[in-house]
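Let me begin by presenting the structure, written as structure tokens, before commenting on it.
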Amino acid sequence: MDDKTGIIIACSIILLIGLRLLYSSIIALSFYYRLRRNGQRTKAVISGLEHKKLTLLSRGGDAPVLTFQANSQTVSGVAVNSIYSDIGFYKIGTHVEIYHDKDNPVLFVIKNRKEQILAIFILLVSLFVLTISIWGIIKQIG
């Protein structure tokens, strides 16, 4: 394999990572704005933290497990817009506001500017990564 092929492969891998980041941030933001507009607003308590190892190279991160009442039932789970991180936005026992789907309360998002800002930041980083990887591929091909 020559240097050109290696660079194209590396840029293609970076491109895939950028696409995955872009997809995740768009999903998180679209659910947030859809449920904020059309969902039911309520209070939830952080009942735990769910840990997820994100990649082979990272330590992983935590997302809050929320418990709340909706449609006469107790719902517990991780919000659709939660971003697993080790930043530590949340503490167990804290009450937060959420928006949940009226018909399917398992779909819910946390009303928190930090989650939105982090999702927007990841969106911007993914666009930067995509631009750099596409530029690298074009430079090698052209």
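FYI, it's all coordinate maths here, none of it is from the lab. A quick note: this is a predicted structure, and the numbers were derived from the prediction, not measured. In this analysis, Cβ positions are derived from the backbone assuming ideal geometry, glycine residues included, and neighbour counts consider all displayed protein chains.
I'd like the orientation of helix 113-141 relative to the chain: the angle between its Cα long axis and the longest Cα principal axis, in ° from 0 to 90, rounded to 10. Tilt relative to the chain: about 20 degrees.
Does the stretch 3-141 come out rounded, prolate or oblate, given a ≥ b ≥ c as the square roots of the eigenvalues of its C-alpha gyration tensor, rounded meaning a/c under 1.5 and, failing that, prolate meaning a/b above b/c? In terms of gyration-tensor shape, prolate. Other residues within the sphere of radius under 13 Å centred on the Cβ of V45, judged by their own Cβ, net out at +1 (K and R +1, D and E -1).
If R0 is taken as 22 Å, the Cβ-Cβ distance between L19 and R41 corresponds to a FRET efficiency of 0.10. Pairs of Lys residues in the chain, spaced 8 or more positions apart or belonging to different chains, with C-alpha separations under 21 angstrom: 11 in total.
Shown here for the stretch 84-142: trypsin sites (Lys or Arg not before Pro) in loop regions (DSSP other than H, G, I, E, B) with at most 15 other Cβ atoms within 10 Å, namely K91, K102. Rounded to the nearest 10 degrees, the angle from helix 3-38 to the longest Cα principal axis of the chain is 20 degrees.
Here is how the number arises for the chain: DSSP H runs of 4 or more residues each give -39500 (n - 2.57), the sum is divided by the residue count, and the result at 222 nm is -16500 deg cm²/dmol.
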